[in-house]
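Let me begin by presenting the structure, written as structure tokens, before commenting on it.
The values are calculated or read from the model by the stated rules, or taken from the named source; none is laboratory data. These numbers come from a predicted model, not from an experiment. Glycine also receives a Cβ, built like all others from the backbone with ideal geometry; neighbour counts cover every protein chain displayed.
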Amino acid sequence: MTDIASIVDSIMPRLSREGLDAYEVYTTCSNRLTIEIKDGAIDVFVKSENTGLGLRVVKEQRPGFAFSTNLLPQVIPDLIERVVHGASETDPDPFVGFPVPSTRTPPQVDQFDLDLQGISIKDKIDKARSLEAAARSSDLRVKKVRKASYVETTGTVTICNHTGLNLSYQKTLVSGSIMVVAEEGENAEIGWDYGFSPFFDQLDMDSIGATAALRAVSMLGARPVTSIQVPAVLPPWIASDVLSVLSASFMADNLQKGKSMLLGRKGEQVFSPHLTIVDDGLYPGGTASSPFDDEGSLHQRIVLVSEGVVQGFLYDQYTANKENRHSTGNAGRHGINAPPSVQATNFFIQNGFLEPEQLLTSISEGLMVKDIIGLHTADPISGDFSVGAAGLWIKDGEITFPVKGIAISGNLIDLFSRVDGVGADLKFYGRFGAPSLRISTLNIAGVGA
């Protein structure tokens, strides 16, 4: 892996001689392995190394930014020249600034698998094969596996700035994902699942494969229902998707631009008293967990909603400077080619106390939503949505038949205010996680009136 430390050590003195008011060096280096299995054979095998360097500077309140994915020594002088020149061309912005070193010791985050590098390629290929085998063996109606993937990443991030901040961490992440097709007669349905862990031996491929198969098989023979308003259950993957749309309203930049559903509502009972929403950059095993964010502010656990009451919002250094407050440690980068902005870390609804089956028992007639189509079309400011959906029909507390060809509609704030039961089955899908949620009333558009 590229020697990041020596690269940073060579750049910092050069920036200090450029007459800048502030400067920052951000570097990342990662090794990635992707294995895809189809019909028991290797379909894709890719190993890659990705490196990147981002520079941010400030001169007379004018910000400059430049980046490179080529870290050879001869590239560095040109990169520095570009970023300094860029700072002379931008408009002044008094809120640009970088964090100072914390007086607290960076938290310890167990995110690195010391054994991963020593595990043989054969074992990793076998891990991918076991995923496909688990899905096929779960049910004879699983006829095709479109893709069974094993992906691992080992990465290093280093951040230094002019204040003396100098931080670095390493992390590993392994994941499995699969998409299957179940067939019965003329009916065919797709099922998928995904799982991850920092540690190879904690990645449960059997569970991922079996879950994907069950999702596909359970939808065979699906049919529409008539338009109706009924209670609904959102399993973790659906609740997480919906939560990801809502999360934008907790970002300080959206609030400051007037583009948040929660503008002016801090301290209000906005959501159901059953809901507590947390952003936790230190969550054990989380994909976004690390000691600090992408500009060097320490990560922390932040309760954003407590029993339905809005408690606060998420800030990076820039948005915090606008309000003369501290960053919450929520600076993230979408890639090396852009400066940081406000992002969620591990953003989730806290576990409840009910088993998923208990959420069904009080429902005389309703829907368990298994799939949503077009959630990205939800209005991020008003919260209004109308999307395609599929699921399982509930009758007298029991699953009776699969449903598709319907739409569900409503408002995100209203939806989360109608939560009357929370499961104890929290699961993350990337950065977002949720347990199963029971909604007291959901609008369903089907056939007829």
Among the listed residues G388, G405, G423, G383, which satisfies the condition of being crowded, with 21+ Cβ neighbours inside 10 Å and small (G, A, S)? G423
Of the residues in the stretch 87-111 that are crowded, with 18+ Cβ neighbours inside 10 Å and within 22 Å of Q317 (Cβ to Cβ), the one that is nearest to the chain's Cα centre (by Cα) is V109
Give me the pairs, please: first residue somewhere in the stretch 311-334 and under 23 Å from T276 (Cα atoms), second residue anywhere and surrounded by fewer than 17 Cβ atoms within 10 Å (Cβ to Cβ) and of a type in the set (D, E), beta-carbon distance under 8 Å, and either six or more positions apart or on two chains. Y315/E323
Looking at the stretch 25-57, which of its residues are touching a Gly at 6+ places or on another chain (Cβ under 9 Å) and either of a type in the set (S, T, N, Q) or farther than 20 Å from Q170 by Cβ (or both)? T27, T28, S30, N31, N50, L55, R56, V57
Taking the stated definitions as given, is L114 in the same structural domain as V25 (by TED's automatic domain parsing), under 30 Å from I336 (Cα atoms), free of Cβ contacts under 8 Å to residues at least 12 places away in the same chain and among the hydrophobic types (A, V, I, L, M, F, W, C)? yes
Tally time: how many residues in the stretch 208-237 are within 24 Å of K144 (Cα to Cα) and in contact (Cβ under 8 Å) with a residue 60 or more places away in the chain? 16
Checking R62, R14 in turn, the sole residue that is closer than 25 Å to Q317 by Cα and touching a residue at least 60 places away in the same chain (Cβ under 8 Å) turns out to be R14
Is at least one residue of the stretch 356-373 within 24 Å of M261 (Cβ to Cβ), among the charged types (D, E, K, R) and without any contact (Cβ under 8 Å) to a residue 40 or more places away in the chain? no
If the requirement is being out of contact with any strand residue (DSSP E or B) (no Cβ under 6 Å at 6 or more places or on another chain) and over 29 Å from L15 (Cβ atoms), which of these qualifies: A134, A128, A148? A134
Could you check the stretch 83-121 and list, in sequence order, the residues that are outside any helix (DSSP H, G or I) and among the aliphatic types (A, V, I, L, M)? V96, V100, V109, L114, I119
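Yes/no matrix, rows are residues, columns are (1) of a type outside the set (G, A, S); (2) in contact with a helix residue (DSSP H, G or I) (Cβ under 7 Å, 6 or more places away or on another chain):
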residue	(1), (2)
V83	yes, no
D91	yes, no
F95	yes, yes
K124	yes, no
S130	no, yes
V142	yes, yes
G155	no, no
T158	yes, yes
Contacts under 7 angstrom Cβ, first residue in the stretch 375-398 being closer than 11 Å to I363 by Cβ and touching a residue at least 24 places away in the same chain (Cβ under 8 Å), partner of a type in the set (D, E) and loosely packed, with under 15 Cβ neighbours inside 10 Å, 6 or more apart: I394/E365; K395/E365
Does at least one position in the stretch 245-265 carry a residue that is within 30 Å of T103 (Cβ to Cβ), aliphatic (A, V, I, L, M) and in contact with a strand residue (DSSP E or B) (Cβ under 9 Å, 6 or more places away or on another chain)? yes
Among the residues listed as A213, A232, the single one being over 24 Å from the mean Cα position of the chain (by Cα) and either assigned by TED's automatic domain parsing to the domain that holds V109 or not β-branched (V, I, T) (or both): A232
Restricted to the stretch 9-40, and to residues that are part of a strand (DSSP E or B) and hydroxyl-bearing (S, T, Y), which residue is surrounded by the most Cβ atoms within 10 Å (Cβ to Cβ)? Y23
Going by what's in this entry, would D78 be described as within 28 Å of A5 (Cβ to Cβ), in a helix (DSSP H, G or I), free of Cβ contacts under 8 Å to residues at least 12 places away in the same chain and not hydroxyl-bearing (S, T, Y)? yes
Within the stretch 394-412, is even one residue under 22 Å from the mean Cα position of the chain (by Cα) and assigned to a loop (DSSP other than H, G, I, E, B)? no
When every residue in the stretch 140-152 that is crowded, with 19+ Cβ neighbours inside 10 Å and either touching a Cys at 6+ places or on another chain (Cβ under 8 Å) or not hydrophobic (A, V, I, L, M, F, W, C) (or both) is compared, the one farthest from A188 (Cα to Cα) is E152
Of (1) buried (at least 20 other Cβ atoms within 10 Å of the Cβ); (2) touching a Leu at 6+ places or on another chain (Cβ under 7 Å); (3) closer than 27 Å to R438 by Cα, A212 satisfies every one except (2)
Since S436 meets every condition but one in (1) under 25 Å from the mean Cα position of the chain (by Cα); (2) surrounded by fewer than 22 Cβ atoms within 10 Å (Cβ to Cβ); (3) touching a residue at least 40 places away in the same chain (Cβ under 8 Å), which condition does it not meet? (2)
